[in-house]
Amino acid sequence: MIGQARFAACRAVLLVLAATSFVCVAADKDPRRSGFDFMSPQTKAMQQDDASNPAMLWVSDGEALWNRRPGASERACAGCHAAAPESMRGIAASYPRFDATLQRPLDLRQRINVCRVEHQHAPPLAAESQELLSLEAFVAMQSRGLPIKPDADPRAQPFRERGAALFKQRIGQLDLSCTTCHDALAGQRLGSAVIPQAHPTGYPIYRLEWQGLGSLQRRLRGCMSGVRAEPFAYGAPELVELELYLMQRAAAMALEAPAVRP
Amino acid sequence: MNRTRRKIIHAGASLGVIGWARAVTAAEGGVEIALALAIKQYVGDAVVRAGKVKLDVAELVENGNTVPLSVAVDSPMTATDHVKSIAIFNERNPQRDVIRFALGPRSGRALVATRIRLATSQKLVAIAQLSDGSYWSHSADVIVTLAACVES
Amino acid sequence: MARALITLPASAKRGEAIEIRTLIAHPMETGYRPGEDGRIVPRDLIRRLSCHYNDELVFSAEMFPATSANPFVSFYTLALASGTLRFTWEGDNGFLQTESRSISVT
């Protein structure tokens, strides 16, 4: 009985390893792969079916928030932007974007909060709050299937270059940089998990490990904790610069938001 | 003493285990006993036969927090011949029960799906109760991989 | 009110077995997990999902801590008559949520 179970286990692990190698080797000219490609068929199926993707719970909340006035005399998002499928199409695929007023790049979450404060006269939503994640998920979904189109504004470039430097910088007690694992070792395994290439193609994601929806910043902070470094605070300029770089690195890859990830 | 307690004590006695309550631990024998007792509480004195039930779950799962599975039972689902309930048990979580479904002739098809939590690699057992009082089962071994990076 | 997503066909043929998929937002706190402060987070679960078709109980699921967060349950029911499908989730701390969907059966 135990012998059979071990054999089945070995076979299962070998099958998964073989499948993983196939994904890496069978590449066309573009070697880039979304984290989606490294997932099990069951997790992929969870993402692809809107009736069973848990992230859709946040999307439906986001849609309600889009149409809700934050105050009796204030406009809802829909008051300026009308129907999101039209007005928000391509938006998430092109963020972070350089903001001329603040003279720095803003990510989508910061942009939503700028709108709330400036145009809706409402308090900003807290990072990783239910409301902000729901709005972000709803807006991001309007870019689903579209290619990532990094901000072409030349003023964003110095910030992007800082992000590129951060990506290569060794940090933490484990003295690892993002590129150590996600460029050089992508496709190989850390423990039993396949190391993905770290393209932000699906954010905000329903992560099985979190049992909830979270943003790219949550994931980046998680990675930093993982290598035993002090994570940047939510909203820190470094996290926006990293995202700016990551979106350039993933340029033209299709957005899958809101995705499911292990 | 109520019927359930009497049954459990009889089960313990028939398994020849002394101090059976303390045997329900992480030790191999304890794991099997705990699962057997939980199943016995569901089926009573009936014999559970393998067959008719198909428990569909991946052999290797990426994350134990959310493991999709489905259970299908070969049944015409008529008024006189149908599935009354399906229960899923696990081996190594803190508690044996996972989920129980109540079906009937209004169901049309005996096919249910859900997502469950698995604390570690272990066996899952799905048991269907039919309208004629018979019980059928299917089990599957699942390997659960843990996240490589600890976030906090 | 927790967000719930229910997917089922808007119409069906009489006697057809239709698939219903349900998803509801809920942490399904097991009662075994230590929180940030090291103390066990109290159990907080949805205990039961039931489906009534024109007020007749056609399906139920009893959930335990091993049911995942944001519980997903799918099942089948026979489309016998036009009317209302009522979904009720009940659980700890007085959790109670009901959603209704119409179905047209021809």
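Every number here is computed from the coordinates shown, using simple stated rules; none is lab data. Remember, predicted model here, so these are calculated numbers, not experimental data. With ideal geometry, Cβ positions are generated from the backbone for all residues, glycine too; neighbour counts draw on all protein chains shown.
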Scaled radius of gyration (Cα, divided by 2.2 N^0.38 Å) that the range B:46-145 gives: 1.07
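For the range A:184-262, build the convex hull from the C-alpha positions and give me its volume per residue in Å³.
For the range A:184-262, the hull spanned by Cα atoms encloses 107 Å³ per residue.
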Note down the nm distance, to one decimal, between modelled labels 7 Å out along Cα→Cβ at C:GLU16 and at C:THR98. 2.8 nm
Give the cross-link partners of A:LYS149 among the aspartates and glutamates, using a straight C-alpha distance below 15 Å as the criterion and excluding same-chain residues fewer than 8 apart. A:ASP107, A:GLU243, A:GLU256
For chain A, find the longest principal axis of its Cα atoms and tell me its angle to the long axis of helix A:55-66, 0 to 90°, nearest 10. 0 degrees
Here D for the range B:56-114, in µm²/s, from Stokes-Einstein with a Kirkwood Rh over Cα pairs at 37 °C and 0.692 mPa s, works out to 254 µm²/s
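For chain A, what relative contact order do you get, as a whole percent, if you take Cα pairs closer than 8 Å and at least 6 residues apart?
Averaging sequence separation for qualifying contacts and normalising by length gives 25 percent for chain A.
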Only helical DSSP H runs with n ≥ 4 go in: add -39500 (n - 2.57) per run for chain A, normalise by residue count and round the 222 nm mean residue ellipticity to 500 deg cm²/dmol. -13500 deg cm²/dmol
Using only Cα atoms, what is the ratio of the radius of gyration of chain C to 2.2 N^0.38 Å? 1.23
Measuring from the longest principal axis of the C-alpha atoms of chain A, the long axis of helix A:237-249 (C-alpha) lies at a number of degrees, nearest 10, equal to 60 degrees
Once phi for every residue in the range B:133-139 is put through the Karplus expression 6.51 cos²θ - 1.76 cosθ + 1.60 (θ = phi - 60°), the whole-Hz ³J(HN,Hα) values, with Gly and Pro written as x, are x, 8, 10, 10, 9, 8, 10
For a quick protection proxy, order the peptides A:178-189, A:245-256 by their average other-Cβ count within 10 Å, most packed first. A:245-256, A:178-189
Excluding A:ALA93 itself, calculate the net charge of residues whose Cβ lies under 10 Å from the Cβ of A:ALA93, where each Lys or Arg counts +1 and each Asp or Glu counts -1. +3
How large is ³J(HN,Hα), in whole Hz, for each residue of the range C:6-18 in order, when computed from phi with the Karplus curve 6.51 cos²θ - 1.76 cosθ + 1.60 and θ = phi - 60°, using x for Gly and Pro? 10, 10, 7, x, 6, 9, 7, 8, 4, x, 7, 8, 9
Taking just the C-alpha trace of the range A:130-235, give me its Rg and Dmax in Å. 15.1, 42
Over 32 Å (Cα to Cα) - which of A:LYS29/B:LYS123; B:LYS123/C:LYS13; B:LYS52/C:LYS13; A:LYS44/B:LYS40 fall in this group: A:LYS29/B:LYS123; B:LYS123/C:LYS13; A:LYS44/B:LYS40
Just to be sure I understand the model, the point goes 7 Å from the Cα along the line to the Cβ. What's the resulting B:LYS54 to A:ALA254 distance in nm? 2.9 nm
Rank A:LEU176, A:ALA137, A:GLN103 by how far each Cα sits towards the positive end of the charge dipole of the range A:96-202 (+1 on Lys, Arg Cβ; -1 on Asp, Glu Cβ) and give me just the farthest. A:LEU176
Please work out the ratio of the alpha-carbon Rg of the range A:42-154 to 2.2 N^0.38 Å and round it to two decimals. 1.11
Let me know the shape class of the range A:82-126, please: from the alpha-carbon gyration tensor, a ≥ b ≥ c as square roots of the eigenvalues, rounded when a/c is under 1.5, otherwise prolate if a/b is greater than b/c, or oblate. oblate
Considering every residue in A:204-212, what mean count of other chain Cβ atoms within 10 Å of its Cβ is obtained? 5
Rounded if a/c is under 1.5, else prolate if a/b is larger than b/c, else oblate: which is the protein assembly as shown, with a ≥ b ≥ c the root eigenvalues of its Cα gyration tensor? prolate
